[in-house]
1. Among the listed residues A:Glu56, A:Glu78, identify the single one that is crowded, with 16+ Cβ neighbours inside 10 Å, acidic (Asp, Glu) and assigned to a strand (DSSP E or B).
2. Condition first: touching a Lys or Arg at 6+ places or on another chain (Cβ under 7 Å) and surrounded by fewer than 22 Cβ atoms within 10 Å (Cβ to Cβ). Now tell me which residues in region A:98-107 satisfy that.
3. It is to be established whether one or more residues within region A:100-109 are at the interface with chain B (Cβ under 10 Å from one of its Cβ atoms), closer than 16 Å to B:Gly43 by Cα, part of a loop (DSSP other than H, G, I, E, B) and of a type in the set (S, T, N, Q).
4. Does A:Gly40 satisfy the condition of being loosely packed, with under 15 Cβ neighbours inside 10 Å, more than 11 Å from chain B (Cβ to nearest Cβ) and farther than 19 Å from B:Lys103 by Cα?
5. Applying the selection to region A:10-24, what residues are of a type in the set (D, E, K, R) and under 12 Å from the mean Cα position of the chain (by Cα)?
6. Among what's in region A:45-68 and is over 11 Å from the mean Cα position of the chain (by Cα) and among the charged types (D, E, K, R), pick the residue that is farthest from the other protein chains (Cβ to nearest Cβ).
7. At pLDDT below 95 and among the polar types (S, T, N, Q): is that true of A:Ser73 in this structure?
8. Say we look at region B:86-116 and pick out the residues that are among the hydroxyl-bearing types (Ser, Thr, Tyr) and farther than 15 Å from B:Pro8 by Cβ; which of these is farthest from the other protein chains (Cβ to nearest Cβ)?
Amino acid sequence: DTGVSQDPRHKITKRGQNVTFRCDPISEHNRLYWYRQTLGQGPEFLTYFQNEAQLEKSRLLSDRFSAERPKGSFSTLEIQRTEQGDSAMYLCASSLGVGGCTFGSGTRLTVV
Amino acid sequence: KQEVTQIPAALSVPEGENLVLNCSFTDSAIYNLQWFRQDPGKGLTSLLLIQSSQREQTSGRLNASLDKSSGRSTLYIAASQPGDSATYLCAVTSNAGGTSYGKLTFGQGTILTVHP
């Protein structure tokens, strides 16, 4: 059990470019969550998976955002045509059922 | 819609003081409540998890209580140290039906600074 891993740790991209983040959850955890956190705010829910099924998406997740969890293992979050307002920390978490969540270190995105 | 509020937004105390952080939530249909710590620019570290059937949990100098009926939780930190300086976040796990089951809703956090 190596915890929840996120890659990359930091990403700087130009406005309009596409970016993809990866999250590797704790291996036996069946739930995987994506959150977004801006400076001075608490994390905001984006989406979550139970195994490979994406069960809920927040209204925050515009059409430019897509998340996948093939085979119920790792997950990717893609942002297309990035905007400056997408700059934030993107946090991934996993849990076994509705037990306590374990968070990764996050991916900090800066759109310039 | 669940809303979580944390008071105070920021707290600055001298080393050695005992302190209390407050968290309130609007919907009592929760499965559990977690307190997290976040250092600047880092991810979240889970401190304590309280199931909805429990009243409190303790870990070292930390004690968290839960009053589900009134929608409140407190995090008590004894004998604070400069290393406790961080942002403390409260999050509730929804016990509502449907796809919201198990989703975490966070408060804005309390920024704690402990001076030597």
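The values are calculated or read from the model by the stated rules, or taken from the named source; none is laboratory data. Quantities reported herein were computed from a predicted structural model and do not represent experimental measurements. All Cβ positions, glycine included, derive from the backbone under ideal geometry; neighbour counts span all protein chains shown.
1. On the way: A:Glu78 fails: crowded, with 16+ Cβ neighbours inside 10 Å.
Within the list A:Glu56, A:Glu78, the selection yields A:Glu56.
2. A:Ser105
3. yes
4. Details: loosely packed, with under 15 Cβ neighbours inside 10 Å: yes; more than 11 Å from chain B (Cβ to nearest Cβ): no; farther than 19 Å from B:Lys103 by Cα: yes.
For A:Gly40, the condition - loosely packed, with under 15 Cβ neighbours inside 10 Å, more than 11 Å from chain B (Cβ to nearest Cβ) and farther than 19 Å from B:Lys103 by Cα - is not met.
5. From region A:10-24, those of a type in the set (D, E, K, R) are A:11, A:14-15, A:22, A:24; that's our starting set.
A:Arg22, A:Asp24 - these are the residues of region A:10-24 that are of a type in the set (D, E, K, R) and under 12 Å from the mean Cα position of the chain (by Cα).
6. Once the filter is applied, the top-ranked residue is A:Arg64.
7. Details: at pLDDT below 95: yes; among the polar types (S, T, N, Q): yes.
It is true that A:Ser73 is at pLDDT below 95 and among the polar types (S, T, N, Q).
8. Taking region B:86-116 as the starting set, the residues that turn out to be among the hydroxyl-bearing types (Ser, Thr, Tyr) are B:87-88, B:93-94, B:99-101, B:105, B:110, B:113.
If we keep only those that are farther than 15 Å from B:Pro8 by Cβ as well, we get B:93-94, B:99-101, B:105.
Details: B:Thr93: 6, B:Ser94: 9, B:Thr99: 4, B:Ser100: 7, B:Tyr101: 7, B:Thr105: 7 Å.
Here the residue is B:Ser94.
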